[in-house]
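Derivation of every value follows stated rules applied to the coordinates shown; laboratory data play no part. In this text, all values refer to a predicted model and were calculated from it rather than measured experimentally. Virtual Cβ from ideal backbone geometry, glycine too; neighbours counted across all protein chains shown.
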Amino acid sequence: MKKIQSKLIHMMMVAITAGLSTSPFINAMAEEVKEPSQMEALVKEPKSIPANSLDATDQTIFGANALVPDAEENQANQLLAAMNKAISLGKYLYIPKGTYYIEYTRVFPSNSVMIGDEEGATIFKNRTTNDINLGSANQYGNRSVLTFKNLFFDGLSINTDMFKNVTLDSCVFYNPVSNFQVFLEFSENATIKNNIFLRDVDHAKGQDSPVGGAAWNHTIYLGGYTTAKDKLNQYQYNTLVENNLIGAKIDELDALKYVQKNADGLANTITRLQHALEDEQSIVLERNEQNIISTGINSFSTLKKARILNNIFYSNKDNEETNGFITQDHVTYLRGSTDVVLAGNHVRGWFNGSWGGFKFKSGREISIMNNYFRNTGLIMTDDPEIGVVETTDRVSMYKDIFVANNTFDFKYWDGGYRIGMEFSAQQAPDKTSISNGVFINNRYIHFSNTKKADLLLYNPTTKTGFHPTNNSHVSGNTRDDGAHNGFSIVYGWTAEDYEKMNPDWESIYKPSGYNEYVALPIPEKNMLPSAVPTTIKLGDEVQASDLVKNTFDKDEATPVARIMNPNELESVGIHRINVELTYPTGFMCVIRVPVTVEGSSEETTEITANPFTVKLSEVSHLTAEQVIEKAQAKAISMPSNEEQELTVNYSELKEATEAGVYKVIFESNGVQKEIDITVEEDEQPEETIEITAEPFTIRLSEIQELTDARVIELAQAKAVLIPSNIEQTLTVDYSTLKEATEAGIYTIVFEANGHQKEIEITVEADDAQIEETTEINAYPFTVKLSELKNLTADQIIEKAQATAILSPSGERQELRVDYLSLQAATEAGIYKVIFESNGVQKEIDVTVELDEEQPEGITEITAEPFTIKLSEIESLTETMVIEKAKAVSMLNGENQEITVDLRSLKEATTTGVYTIILISNGVQKEVEVTVEADIEQPVEITEITAEPFTIKLSEVNALTETQIIEKAQAKAVLIPSGKEQALTVKYSSLLEAARAGSYKIVFESNGVQKEIEVIVEDDIEQIEETTEISAESFTIRLSEVNTLTAKQIIEKAKAKAILTPSGKEQELALEYTELKAAKQIGVYKVTFKSNDVQKQVEVIVEANEELQKEITQITAEPFTVKLSEVKSLTENQVIEKARAKAVLLPSREEQVLSVKYSALREATEVGNYKVTFTSNDVQKEIEVKVVSEDVDIQDTVLGGRNVRVPETSQQEKLHSDTAKKLPETGENNKKYVLVEYMYIVTLLYIGFRFLYIKVVNGNQFSKREK
């Protein structure tokens, strides 16, 4: 009775919790209260600003354009201004977590990199109904580098034209206003990875919309275009779409993390989304079904070199009863594409017919490998499209098509549709070109669920499609339906056709990257488990399998369920319980379940405390907190497991003046606990000397300068007393080193208090002197003719900014100048000046101008401003400048020579606008040059991690470098790339260890070092170990015997084999033949064995009588009907509309159900009417709403199915099968609670009645009486 009562209360609490929930799908999960430890386990503190980034909220950098988290105003302009500022400084823009309203479309320049918080949610939100996008929509220009990372886009999309190097990484798109959430046109080197794309029915357009259905609800567009003038194909080229989740149900996110193996990036994005929904509650998704997706990826033309790998495509075909069916337009719909790979993708929820599957309209070099299709497939039509060939003509063609190693999982018969792999001919044979098709090793599984689906690759009537005559090959494809299992049957192919087929598929077409794609795991997963929010009483048992749902079906075996953190259920509160599901296929996932543990009314206080020992000198300084800490004392209220306040009386201990045993008393809530404290005399520990010193390297020429102090400093030598750590005087004998005359290894000895330590010193030869070279820098300049006679050498050096520098030392050198030709000049023109230093010369041109020019003609210079990168300045030459500026000098129709004054540009160290001067025939022209920042790659640093460890003294001599790295768990990686680096170890001091102690070893990689301590312990004589087996007797039902496994017996007996004293668990064998053969109740022996030790326990086999104690449960749901339909309603129709069912619990055997609905059948006006369902004397009453004919009833959801309800009720919150909805009004609310209360009382009465009669009369009763 107690168990029945507990379950009834639990059912009531779940119903109330679900009915009051403000969220239509998260229910208790959304209301979860997290403890700090839980929060820390889920999400770390936000990390520091990423390398090479500026914080967009920093007002000291961005001033009025700094972004403000969670501000109410539109910050679109500030975002663009901040990005421009960051670009000018050569930096990325980091945007901390928070919500930022972006409600204008904004076009971003080159080198725009925006990075959100890696842990929290950085949200760009659009509150309007306008299509707001970021990128460069309709702005055709040569832009490059646009990155969005770790961002949430609420109602915004990404839209670019002619933008190269676009990257979308680890972003979440939801509540879209636009048709496409990402639209990339004529882009090169685009990457879309680790993102989530969501759309619910409120942000979708239905079939009756002017632009709805298949023309809307798209996700990603990738395509180029054709120029009519040049007749050129502008391709969307070199695109990667990898590890994205396109469509999802929120309650299945845990399972979706595990569908794709080796997709940690996507799993991290899913975790960030869950954190934003459940913990931060910074975003709101009104519906669980976020998979209203018509198409995953579209391309209308000219997609070239695309890799679509390891994605999850999830549409709503399987939940159309919940949201209505949105017309689909294929998983991917690619027209006129070349060099495309779709591999390792998981596809579910699409139509198994003409609207589903991967669809192509003409294509070349198409590879489809290692994908999982759940009830959908592959469609190829030969419609002529642009982009298949290099010309702009529309062409019907399939060439080099490779379909291999895919799994097609058939779930149900969908009318007349059954597509696996299909070619659909749209053109006459002479209007299309088909060749080189390879279809191998594909699997059709669970084929009995459908009618038929041969390989529809050829039309024998029109003789179009893939056929041996066009060099196509089919082999190794299988079906599991019996007749054709293991055969490759192509519709329309004859036996003669197979004989003509080229048997060597590799000679027909083998795609580049084949070995990589065929090795991808096929992401097969049928059912996606989800959590069942649950409430229990403290101390109640709960089965792991009861906390999850949708774990298996007829096509998938039941998984083994295990609660990973059962200790969380031992205290009152709301906990997140992790349920691990392991399938026979090897698939494993962890589902997080919110479980509410309610407390018990009877609480007792338990105090735990341990005796401890303290030195006499410490007693007088002890505080109460220290006493509690040393005794590890704690007071706990049971069974709620809540910690209580604790006090301590230690006055006797406080007054201790000599060694002895003293009492200490702990108290909490009137409960006391007394322990003994041992006070010991203080002992003076024996001190030992420890000398540490490190080998070092010096030059041969440095030896004579060495002093004792310098040697100690180079070796980092130190002598200390252990354990007091008092430093001691240290001397050093380095006479052998002092006498060194050549390179080599020499030994020196350090000494302190009679203890010595030797180390090796490496002496290297002195490097030869590096030959230095002289570099002269000088720039052309202009001077008036009248200035020449007074011009000095120093003035010329100054005007030319001439310098002579020794490289690599950088020392300035004396500079001489030869300017005789300039001094002799008598007319305007260009003259040579030669600078000389250390035999090196540099010649420049000096322009001499007339004081009052009287040219015979006019020299005209034309030039354009241009832009360069900051890193390009150093290598810039005059010729390159003239070319970039498109500079031309003309005099009387003839080209003239141009010189360039680059001085201001050459000195540039930051971005900005600089002026250069073009000179020709004494005429000058200034040109502006814009210097842009380089997008810097973050500097990588080496990080070494290593852990201290302990070894035995006897193990030291045999240690190898590899063993040390393994014991220390040492690793060197580059940050931030994470690439592992080679690692070396210096451990000579450890190898020389002669006694127990602490020794230093040093790990090194790329010049970075990490030092750890290794503890060397004395060897302890090995104690002989014995095996102990523990196991308990247990009881089972007779009906359970035949299905009992060895693993279940070990679990029920709580059996374990342990080595003593090491505590190592041992393998356990089992002998249970006697129990396995049991045919009647009784006591049977089971024997456990391990390491020649045996233990026998008794197993009691009971009759199955108790399993017959069952109760009847009726479920039924309210529904709506029109007034005109009432009279014709039959009993079966009422049961069907209410989804009514009666079952016996716990066997779940279905029972006969009757209905009382006379009030409803006699209804003559609209209103609410009662209907009562009865089974085995148990009743269930529901309300049926009757509406008039003119009420517009729309499809909605009630209890997980389509129901017709008045439009006026659409605002009512709907809920899942496992929950009941409380009526809106307070009066109805009271009635509902009263009904539920009466229901519980009735069931309790039935249970008590059964127990009473059973005890008093001892009679057996019929199933109906029970």
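Net charge near Asn244, counting Lys/Arg +1 and Asp/Glu -1 over other residues with Cβ under 11 Å of its Cβ?
Local charge sum for Asn244: -1.
In the range 876-969, which trypsin sites (Lys or Arg not before Pro) fall in coil by DSSP and have 12 or fewer other Cβ atoms within 10 Å? Show your work: numbers first, answer last.
Numbers: sites: Lys884, Lys886, Arg903, Lys906, Lys925, Lys952, Lys967; in loops: Lys886.
Hits after loop and neighbour filter: Lys886.
Please compute the net charge surrounding Ala1142, taking Lys and Arg as +1 and Asp and Glu as -1 over other residues with Cβ under 9 Å from its Cβ. Before the final figure, lay out the partial values.
Numbers: positive: Lys1141, Lys1180; negative: Glu1150.
That works out to +1.
For Gln644, enumerate residues with amide H under 5 Å from its amide H, sequence gap 5+ or separate chain, H modeled in the peptide plane.
It is Ala635, Ile636, Ser637, by chain and number.
Please report the Cα spread of the range 330-517 along all three principal axes, rounded to whole Å, starting with the longest.
46, 37, 36
How much length, in nm to one decimal, is gained on full extension between Ala1069 and Gln543, taken as 0.36 nm per residue of separation minus their Cα-Cα distance? Walk me through the intermediate numbers first.
Values: separation 526, 0.36 × 526 = 189.36 nm, distance 2.64 nm.
Stretched out fully, the Ala1069 to Gln543 stretch lengthens by 186.7 nm.
Need the full-extension length gain, Glu652 to Asp480, defined as separation in residues times 0.36 nm minus the C-alpha distance. One decimal, nm. The partial results should precede the final answer.
Working: separation 172, 0.36 × 172 = 61.92 nm, distance 8.26 nm.
Contour length minus the Cα-Cα distance gives 53.7 nm.
What is the Å³ per residue value for the convex hull set by the Cα atoms of the range 604-680? Please list the in-between numbers first.
On the way: hull volume 5.3 nm³, N = 77.
Hull volume over Cα atoms, normalised by residue count, gives 69 Å³.
At R0 = 25 Å, how high is the FRET efficiency between Leu991 and Gln969 if r is their beta carbon distance? Nearest 0.05 is fine. Show your work: numbers first, answer last.
On the way: r = 20 Å, r/R0 = 0.81.
Working from the Cβ atoms, E equals 0.80.
With contacts defined as alpha carbon pairs under 8 Å and 6 or more residues apart, what's the relative contact order of the range 330-517 in percent? Walk me through the intermediate numbers first.
Working: 495 pairs, mean separation 33.6, N = 188.
So the answer I get is 18 percent.
So how far apart, in nm, are the two label points at Thr604 and Ala71 if each is 7 Å from Cα heading toward Cβ?
Label-label distance for Thr604 and Ala71, simple model: 6.2 nm.
For the range 656-699, with only Lys/Arg (+1) and Asp/Glu (-1) charged at the beta-carbon, what is the dipole magnitude about the Cα centre, in debye rounded to 20?
Values: 3 positive and 12 negative charges, 70 e Å.
Dipole magnitude for the range 656-699 comes out near 340 debye.
Could you check the spin-label model distance between Asn268 and Glu1149? Points 7 Å from the Cα along Cα→Cβ, value in nm.
5.6
Could you pull out the GluC sites (Glu not before Pro) across the range 878-944 that fall in loop regions by DSSP (anything but H, G, I, E, B) with no more than 11 other Cβ atoms inside 10 Å?
Working: sites: Glu878, Glu883, Glu894, Glu897, Glu907, Glu926, Glu928, Glu932, Glu936, Glu940, Glu943; in loops: Glu897, Glu907, Glu936, Glu940.
Filter output for the range 878-944: Glu897, Glu907.
Which residues does a label at Ala793 reach in the range 830-848, if reach means a backbone N under 18 Å from a point 7 Å past the Cα toward the Cβ?
Those under the cut-off are 832-844.
From the P(r) of the range 82-231, could you give the percentage of C-alpha pairs in the tail past 26 Å?
Values: 2734 of 11175 pairs.
The proportion of pairs with Cα distances above 26 Å equals 24 percent.
Which entries in Lys525/Lys549; Lys149/Lys525; Lys1064/Lys1085; Lys842/Lys925; Lys257/Lys971 show an alpha-carbon gap greater than 18 Å? Numbers along the way, then the final one.
On the way: Lys525/Lys549 15 Å; Lys149/Lys525 29 Å; Lys1064/Lys1085 27 Å; Lys842/Lys925 25 Å; Lys257/Lys971 28 Å.
Too far apart for the 18 Å limit: Lys149/Lys525; Lys1064/Lys1085; Lys842/Lys925; Lys257/Lys971.
Taking the alpha-carbon centroid of each part, what is the distance from the range 589-644 to the range 965-1026 in angstrom?
What the calculation gives is 37 Å, centre to centre.
Given R₀ = 41 Å, FRET efficiency for Leu1244-Val1191 by Cβ-Cβ distance, to 0.05? All intermediate terms of the calculation are to be shown ahead of the outcome.
Numbers: r = 42 Å, r/R0 = 1.02.
Taking R0 as 41 Å, the efficiency between Leu1244 and Val1191 is 0.50.
Work out from phi, with θ = phi - 60° and the Karplus expression 6.51 cos²θ - 1.76 cosθ + 1.60, the ³J(HN,Hα) of each residue of the range 844-849, listed in order in whole Hz, and give x for Gly and Pro.
3J(HN,Hα) across the range 844-849, in whole Hz: 10, 9, 10, 8, 9, 10.
Cβ neighbours within 10 Å, averaged per peptide: list 602-609, 180-187 in order, most packed at the top. Don't skip to the end; give the middle numbers.
Numbers: 602-609: 14.6, 180-187: 23.6.
The most tightly packed comes first, giving 180-187, 602-609.
Tell me, what ³J(HN,Hα) does each residue in the range 340-356 have, in order and in whole Hz, if you take phi through Karplus 6.51 cos²θ - 1.76 cosθ + 1.60 with θ = phi - 60° and put x for Gly and Pro?
Using θ = phi - 60°, the values come out as 10, 10, 10, 9, x, 8, 10, 10, 8, x, 9, 4, 8, x, 6, 9, x Hz.
Considering the convex hull of the alpha carbon atoms of the range 543-599, report its projected area averaged over all viewing directions, in nm², one decimal. Can you show the working numbers first?
Values: hull surface 15.6 nm².
That works out to 3.9 nm², a quarter of the Cα hull's surface.
Compute the length gained on full extension between Glu1051 and Arg127: take 0.36 nm times their separation in residues and subtract their Cα-Cα distance, giving the result in nm to one decimal. Show your work: numbers first, answer last.
On the way: separation 924, 0.36 × 924 = 332.64 nm, distance 5.61 nm.
Length difference between fully extended and current span is 327.0 nm.
Take the Cα coordinates of the range 941-1017, assign each an equal point scatterer, and use the Debye formula without solvent to give log10 I(q)/I(0) at q = 0.14, 0.18 Å⁻¹.
So the normalised log intensities work out to -0.43, -0.66.
Give me Phe173, Phe153 ranked fewest to most by other Cβ atoms within 10 Å of their Cβ, as a rough exposure proxy. Mind dumping the intermediate values first?
Working: Phe173 24, Phe153 27.
With the sparsest Cβ surroundings first, the list reads Phe173, Phe153.
Given a Förster distance of 56 Å, report the FRET efficiency between Asp58 and Thr462 from their Cβ-Cβ distance, rounded to the nearest 0.05. Numbers along the way, then the final one.
Working: r = 68 Å, r/R0 = 1.21.
According to the calculation, E is roughly 0.25.
In nm, give the distance between the simple-model label positions of Glu874 and Thr950, each being 7 Å from the Cα along the Cα-to-Cβ direction.
Here the modelled spin labels are 5.4 nm apart.
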